[in-house]
Amino acid sequence: MNVIQISHYKSEFLAFYRFAQHLDSEDQELFNLWKTHYGFNPYLKEDPKNQLAKEMIKRAFPKYSTILSQIESFEPDFGMVRRYVSLVQDELKSYEPLHLSVVFFIGDFDTDAFIEKATSESYILYFPIEKPWQDVHLVQELAKVVYLNQTKANPYPPKNIAHAIFIEGLSLHTAVKTTAAEFKTMALYPWMSSCNKEPNRIMINLLPHMRRTDYKALYSFTKGTGASGYLNEASFAGWNVIHHLLNNEDTLSELVKTPEENITGLVERTLHRVIEESTYISSKE
């Protein structure tokens, strides 16, 4: 049986904003009020001294007035979360009982959702709510949690770039299918439109980095601008890798069962095939 809990930092954020709204973003008191009333730092593991948090607040504070009513009206929908978890488990045929806490927070408009392992048997999903809400974005993160729970893998960092590509692609396709968002993918993920300008270049430039495990590479390809200068290059490659596998009669539920030691080779081989097929099609046009 799944055990799902939901909490949020809405009240804490609104208390901070109520005290700080008269301040300028450069005011030193702004950070003190943030720390006193809100204090949630999504970068805490890399930022124990809150240096990134200070920059985050300074950068995001002028924009908060535009989303204040959105935050005030936010109410977490426990039924929706539970329903989507069940749908993802059905899609992936992954029925390992899930112990999950979902924590909604307010970030800096660039903050990504992230997952932590609370215990050996439970996970925490932190999900930002300052950006326009789209179910598919939450479901993608829930798909990652279900996959991690089924395979007992650690949330972060992934084993290498190939593993990051695999889980990004698997979760993207699961979310899009579960929420019936197939025809809105480009609009829901603007980086996909950007990457589609030079798909082969992105994937070719990714190939030499498949087995890299260093933080710089993992950050660059998942959150930075990668080897070709585009955001989310690992997600783009993952979308294409899983799309190719699904078109060749694999299923999402079968892919979930891929042994961890086989993932790197599978991604490398599939990416080569995607590039070869794309090059062949381009040469015929």
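Observations on the model:
- Taking (1) modelled with pLDDT of 95 or more; (2) surrounded by fewer than 19 Cβ atoms within 10 Å (Cβ to Cβ) in turn, Leu172 satisfies each apart from (2).
- Taking the numbered list (1) free of Cβ contacts under 8 Å to residues at least 24 places away in the same chain; (2) closer than 30 Å to Thr258 by Cα in turn, Leu100 passes all entries but (1).
- Taking the numbered list (1) of a type in the set (Gly, Ala, Ser); (2) touching a residue at least 12 places away in the same chain (Cβ under 8 Å); (3) closer than 30 Å to Ser65 by Cβ in turn, Ala143 passes all entries but (3).
- The residues listed here are Phe166, Phe105, Phe109, Phe114; of these, the one that is more than 29 Å from Met56 (Cβ to Cβ), within 16 Å of the chain's Cα centre (by Cα) and among the aromatic types (Phe, Trp, Tyr) is Phe166.
- A Cβ distance below 7 Å, combined with a sequence gap of six or more or placement on separate chains, defines the contacts here; from segment 249-264, residues that are among the hydroxyl-bearing types (Ser, Thr, Tyr) reach no residue that is modelled with pLDDT under 95 and assigned to a helix (DSSP H, G or I).
- For Asn232, the requirement of being in contact (Cβ under 8 Å) with a residue 12 or more places away in the chain, on the phi > 0 side of the Ramachandran plot and of a type in the set (S, T, N, Q) is met.
- Only helices (runs of 4 or more DSSP H) whose full extent lies in segment 16-131 are considered here, and the ones with at least 3 residues that are of a type in the set (Lys, Arg) are 51-64.
- When segment 61-81 is limited to residues that are under 20 Å from the mean Cα position of the chain (by Cα) and surrounded by 14 or more Cβ atoms within 10 Å (Cβ to Cβ), the one that is farthest from Leu255 (Cα to Cα) turns out to be Pro76.
- Once segment 142-163 is narrowed to residues that are among the β-branched types (Val, Ile, Thr) and more than 12 Å from the chain's Cα centre (by Cα), the residue that is farthest from Phe104 (Cα to Cα) is Ile161.
- Scanning segment 20-54 for residues that are exposed (fewer than 15 other Cβ atoms within 10 Å of the Cβ), farther than 17 Å from Phe105 by Cβ and not small (Gly, Ala, Ser) yields a total of 12.
- Of note, Ile161 does not satisfy the criterion of being crowded, with 21+ Cβ neighbours inside 10 Å, in contact with a Gly (Cβ under 9 Å, 6 or more places away or on another chain) and not hydroxyl-bearing (Ser, Thr, Tyr).
- Filtering segment 117-140 to residues that are under 13 Å from the mean Cα position of the chain (by Cα), in contact (Cβ under 8 Å) with a residue 40 or more places away in the chain and under 18 Å from Phe13 (Cβ atoms) leaves Tyr126, Pro128.
- Any hit, segment 99-112, residues being over 22 Å from Lys152 (Cα atoms), among the aromatic types (Phe, Trp, Tyr), modelled with pLDDT of 95 or more and buried (at least 18 other Cβ atoms within 10 Å of the Cβ): yes
- Among the residues making up segment 248-260, those that are assigned to a helix (DSSP H, G or I) and at pLDDT 95 or above are Leu252, Ser253, Glu254, Leu255, Val256.
- Scanning segment 189-219 for residues that are closer than 14 Å to Pro157 by Cα, in a helix (DSSP H, G or I) and either β-branched (Val, Ile, Thr) or touching a helix residue (DSSP H, G or I) at 6+ places or on another chain (Cβ under 8 Å) (or both) yields Ala217, Leu218.
The values are calculated or read from the model by the stated rules, or taken from the named source; none is laboratory data. Only a predicted model underlies this, so the values are computations on that prediction, with no experimental measurement involved. Neighbour counts run over all protein chains shown; Cβ positions are idealised from the backbone, glycine included.
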